[in-house]
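Colleague: Quick one: the structure is below, questions incoming.
Values in this text are rule-based calculations from the coordinates and carry no lab data. Note that the structure is a prediction, hence the values are computed from the model and not measured. Cβ: placed from backbone, ideal geometry, glycine included. Neighbour counts: every protein chain shown.
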Amino acid sequence: MQLDFQSPEFIANPYPTYARLREQAPVYLLESGNWLITRYHDIEYLLKSPRLNKDIPSMFNLRYGRDMSNEPVFRFHNNFWTMMDTPHQRKLIVKALNARKISDVRALVKNSAEQLISKWIACGQADLMNVFAYPLPIQVTCDMLNIELEQSLDFLEEIKLILRPAEPNLLNEAELDVSNAAALRLDRFFREICQQRRKQPGDDLVSQLLAAEEDGERLSEDDVICNLIMLFVSGYGTTANALCNILRLLFIYPDQRELLLAKPELFSNTVEEGLRFNSSGPLTFRTVIEPFEFNGVQIAPGDAIYLALDSANHDPEVFVDPDRFWIERPDLNKSLAFGLGSHYCLGARLGAVEVEVALETLFCKLPNLTIENVDQLKWEQIWVLRGLESLPVKW
Ligand code: HEM
């Protein structure tokens, strides 16, 4: 079966292709030589398998054909992912990230959302992606760290530069220099903040990361800085895209929007169902550490395996009527939108609350909100994330 995963048709609607793969080629060899897995139960099994790990530093070296660990921008990514593969370090980060009560997180997100909306509410129309969805997670993370957004750096721009190593295309030397410079600026910025918080700790996330302790162990200052930067990086695109994808679904399926507005207690379900239906993090990958046979296919050490979480989330073996967007769905707890097992999304609680409160605030402040030509919106042409190019709205 010859398939083009970069084609606009696939990106716009990958689900029929996934349905074919689940039926005819559930372990599919991609042109790049990597495997693609599409069935729910296979993905569930592999996410828990000790034969696979998530070795991102080795993947970078393999892609670039040289050791990238001394380049500042890759150093952040490498340190961070190495920590994510070390259960002890991961526990320290989870502890700091979940230190705040959920009610406090909700209040913080609501406040940021209202502040942002007040800046453009008088305009009557806007690209919601630019004025709301992208700035919101950055603003919320700054609030959690207790730092001023406009302090001295354009965070959104710096984060985009730091994210570049994760893009499918390799960076050339000039691009690498630009990303390295951003990494060094962020490093300097956060090092100063860490020094201030050591002298005067507060109840912010920087102080919590500096103080987090597990069995007498703490994170070093370098580890804290790397985590702070990577929390911005991992949280902002997934959350921004989730928010816009779900808003789009609510206008494509007006009966579900009406149901939601009539029963606001369904906001949390709506976010979960939106993430299942059009996941903003549709794909994850693992590297094989031990050889094994899977569905009759021989998998070798060093092979990369892509796990299509959004295909799993449309598998009729697990979900009733999987291609229906249904906010009262009874099987939502099976969704793999945040992954599963030892690498389950670290920001799942925060991401879900951000999207939920952002939607509630939007519908409250802009009751006449409409999306222009909702069935013609364009998707970003990238397989590894699911997001819109822009979201023009009026109210
Ligand atoms: C609605 C928004 C979000 C979605 C859909 C999402 C989805 C995901 C997915 C699918 C994974 C991969 C799991 C795996 O490889 O098994 C992941 C990992 C991760 N996410 Fe999220 N995420 C969201 C928000 C956030 C936020 C707000 C943060 C940070 C504050 C965050 C931090 C992370 C981190 C650090 C990892 C790596 C965990 C590891 O590999 O151990 N995410 N996320």
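Colleague: Can you give me the long-range amide H partners of residue 283? Hydrogens built in the peptide plane at 1.01 Å from N, cutoff under 5 Å, separation of 5 or more residues or another chain.
Modeller: Correct list: 309.
Colleague: Also, I was wondering about something else. For the range 169-240, what's the relative contact order in percent, using C-alpha pairs closer than 8 Å and at least 6 residues apart?
Modeller: So the answer I get is 25 percent.
Colleague: I've got another one for you. Quick one: of 119/199; 263/334; 110/334, which pairs are farther than 30 Å apart, Cα to Cα?
Modeller: Beyond 30 Å between Cα atoms: 119/199.
Colleague: Charges at C-beta only: +1 for Lys and Arg, -1 for Asp and Glu. How large is the resulting dipole of the range 129-258 about its Cα centre, in Debye rounded to 20?
Modeller: Result for the range 129-258 is approximately 260 debye, rounded to the nearest 20.
Colleague: Continuing with this model, one more query. Positive end of the dipole of the range 8-394, charges at C-beta (+1 Lys, Arg; -1 Asp, Glu), about the Cα centre: which of 305, 207, 8 has its Cα farthest in that direction?
Modeller: Sorting the options by dipole projection puts first 207.
Colleague: Could you derive backbone 3J(HN,Hα) for the range 128-137 from the dihedral phi with the Karplus parameters 6.51, -1.76 and 1.60 (θ = phi - 60°), listing whole Hz in sequence and x where the residue is Gly or Pro?
Modeller: 4, 4, 6, 8, 9, 5, 6, x, 4, x
Colleague: Now for a different question. Mind checking the alpha-carbon convex hull of the range 216-351 and giving the volume per residue in Å³?
Modeller: It is 160 Å³ per residue.
Colleague: Let me ask you something else. Taking only C-alpha pairs under 8 Å that are 6+ residues apart, what is the relative contact order of the range 8-394 in percent?
Modeller: Averaging sequence separation for qualifying contacts and normalising by length gives 26 percent for the range 8-394.
Colleague: Continuing with this model, one more query. Would you please give the residues with an amide H less than 5 Å from that of residue 146, counting only those at least 5 places away or on a separate chain, with H modeled from the backbone geometry?
Modeller: 205
Colleague: Which value, in Å to one decimal place, does the Kirkwood hydrodynamic radius take for the range 115-247 when every pair of different Cα atoms is included?
Modeller: Working: mean 1/r = 0.0609 Å⁻¹.
That comes to 16.4 Å for the range 115-247.
Colleague: If you don't mind, another one. Determine the dipole magnitude for the range 322-395: charges of +1 sit on the beta-carbon of Lys and Arg, -1 on that of Asp and Glu, nothing else is charged, the reference point is the Cα centre, and the result goes in debye to the nearest 20. Intermediate values should be presented prior to the final figure.
Modeller: Working: 8 positive and 10 negative charges, 20 e Å.
Value, rounded to 20: 100 debye.
Colleague: Can you spot the lysines whose alpha carbon is less than 23 Å from residue 378's alpha carbon? Ignore those fewer than 8 places along the same chain.
Modeller: Residue 378 reaches 160, 394.
Colleague: Taking amide H positions as placed in the peptide plane 1.01 Å from N, state which residues far from residue 380 in sequence (5 or more) or on other chains have amide H under 5 Å from it.
Modeller: 387, 388, 389
Colleague: Now for a different question. Compare the peptides 77-84, 273-280 by average per-residue count of other Cβ atoms within 10 angstrom and give them in order, highest first.
Modeller: Ranking, from highest mean packing down: 273-280, 77-84.
Colleague: I need the phi-derived Karplus couplings for the range 216-233: 6.51 cos²θ - 1.76 cosθ + 1.60, θ = phi - 60°, integer Hz, Gly and Pro marked x.
Modeller: Values, residue by residue: x, 9, 10, 7, 6, 4, 4, 5, 5, 4, 4, 5, 4, 5, 6, 5, 5, 4 Hz.
Colleague: Would you kindly derive the ³J(HN,Hα) couplings of the range 304-317 from the backbone phi angles with the Karplus curve 6.51 cos²θ - 1.76 cosθ + 1.60 (θ = phi - 60°), listing them in order in whole Hz, with x for Gly and Pro?
Modeller: Result, ordered by residue: 9, 10, 8, 10, 7, 4, 6, 6, 4, 6, 10, 7, x, 5 Hz.
Colleague: Report for the range 8-394 the percent antiparallel among DSSP-assigned beta bridges with both residues inside it, nearest 5.
Modeller: Working: 21 of 24 bridges.
About 90 percent, rounded to the nearest 5.
Colleague: Right, next: Give the share of C-alpha pairs in each 20 angstrom bin for the chain, from 0 to the last occupied bin, in whole percents, shortest bins first.
Modeller: Spelled out bin by bin, the chain gives 26, 59, 14, 0 percent.
Colleague: For residue 30, what charge total do you get from the other residues with a beta carbon under 13 Å from its beta carbon, if Lys and Arg give +1 and Asp and Glu give -1?
Modeller: Values: positive: none; negative: 4, 31, 303.
Around residue 30, the surrounding residues sum to -3.
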